[in-house]
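S.K.: The structure under discussion is supplied below as structure tokens; questions concerning it will follow.
Only the coordinates and a few stated rules stand behind these numbers; no lab work does. Source: prediction; values computed, not measured. All Cβ positions, glycine included, derive from the backbone under ideal geometry; neighbour counts span all protein chains shown.
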Amino acid sequence: QDEIYYMTGESRDSIERSPQIEGFKSRGLEVLFMTDTIDSFWLQMASEYNGKKFVSVTKGAIDLDKFKPEKETPHEKLDDDVTMTALLGILSDELKKDVKAVRISKRLTDSPVCLVADEAGVDMHMERVLKIQQKYEPVGPSKILEINEHHGLIVKLAALAQTNTQSPALKDAARLLYDQACIIQGEPVSDPASFARRMAEFMQRGLAA
């Protein structure tokens with residue numbers, strides 16, 4: 001590894017369960033876990049160690065394609081005539097007030113979605129610390145929603161988006177995916193009642209299919 005990958009969090013267990021490190025685990029890459037609050041601050045000043053740059057796994061567009069997975073895992077594939085373009089457009093439009101962008105993830109292997117910080121933004125855990133200690137509030141959407149193009153749910157949504165862009169299921173799915181990413185990150189959902197309603201309706205449609 002030419003870089004020192006790290007992730008800050010409240011505990012080792014919470015970091016190990018984070019979807020952002022799935023791609024690193026599958027490739028056998030070392031990720032430094034940091035659980036002390038002070039770590040988030042000194043990493044802003046200590047940019048490297050022994051000539052190797054510190055890189056947060058929850059920030060920026062990290063390309064893991066240069067590392068080969070230790071073992072190939074089976075995953076869903078799009079049909080030849082289906083792309084992610086329509087789905088990305090719908091998700092971006094529906095979530096434009098909540099996220100800065102929606103993009104295909106290089107980090108995810110098992111989870112459908114995750115949230116990451118922009119390259120020039122504040123690290124995910126650092127933002128939470130600042131919100132608690134200094135009442136920090138970012139101006140406008142600051143997070144990026146990444147989707148796993150090989151996850152079964154995302155593959156099915158992409159196929160639906162290609163044939164029926166006005167499907168109500170896509171709008172509900174956009175909100176549910178974002179709320180799920182927030183919950184995994186330890187963030188509260190903005191409207192728990194709407195989340196519960198959408199989840200119930202989405203499950204009902206799935207059982208009826």
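S.K.: If contacts are Cα pairs under 8 angstrom and at least 6 residues apart, what is the relative contact order of the range 21-162 in percent?
M.R.: 33 percent
S.K.: Can I ask one more? How much length is gained if the chain between GLN1 and GLU30 is pulled fully straight, taking 0.36 nm per residue apart and subtracting their Cα-Cα distance, in nm to one decimal?
M.R.: Here the segment from GLN1 to GLU30 would lengthen by 9.6 nm.
S.K.: Taking 0.36 nm per residue of separation and subtracting the Cα-Cα distance, what length does fully extending LYS131 through LEU153 add?
M.R.: Length gained between LYS131 and LEU153: 4.7 nm.
S.K.: Bin width 5 Å, origin at 0, all Cα-Cα pairs of the chain: what percent of pairs per bin?
M.R.: 1, 7, 14, 18, 19, 16, 12, 8, 4, 1, 0, 0
S.K.: While we're here: Would you compute, for the Cα atoms of the range 29-75, the largest minus smallest coordinate along each principal axis and list the three values in descending order, in whole Å?
M.R.: 40, 23, 18
S.K.: Over all directions, average the projected area of the Cα convex hull of the range 66-109 and note it in nm².
M.R.: Taking the Cα atoms of the range 66-109, their convex hull projects to 4.6 nm² on average.
S.K.: Mean 1/r over all different Cα pairs, inverted: what Kirkwood radius does the range 1-79 give, in Å?
M.R.: 13.9 Å
S.K.: Under 18 Å Cα to Cα from LYS171, which lysines show up? Leave out anything in the same chain fewer than 8 places away.
M.R.: LYS96, LYS97, LYS100, LYS156
S.K.: Of all the Cα-Cα pairs you can form in the range 110-209, what percent are over 24 Å apart?
M.R.: Roughly 31 percent, once rounded to a whole number.
S.K.: Calculate the spin-label point distance for GLN166 paired with ALA101, positioning each point 7 Å from the Cα along the beta-carbon direction, and give it in nanometres.
M.R.: 3.1 nm
S.K.: In debye, nearest 20: dipole of the range 80-194 around its Cα centre with unit charges on the Cβ of K, R (+) and D, E (-)?
M.R.: Dipole size: approximately 220 debye.
S.K.: Provide the packing ranking of 23-30, 122-129, 74-81, 178-185, i.e. peptides ordered by the mean count of other C-beta atoms within 10 Å per residue, highest first.
M.R.: 122-129, 178-185, 23-30, 74-81
S.K.: Nearest 5 percent is fine: what portion of the DSSP beta bridges confined to the range 1-128 is antiparallel?
M.R.: Around 20 percent antiparallel, to the nearest 5.
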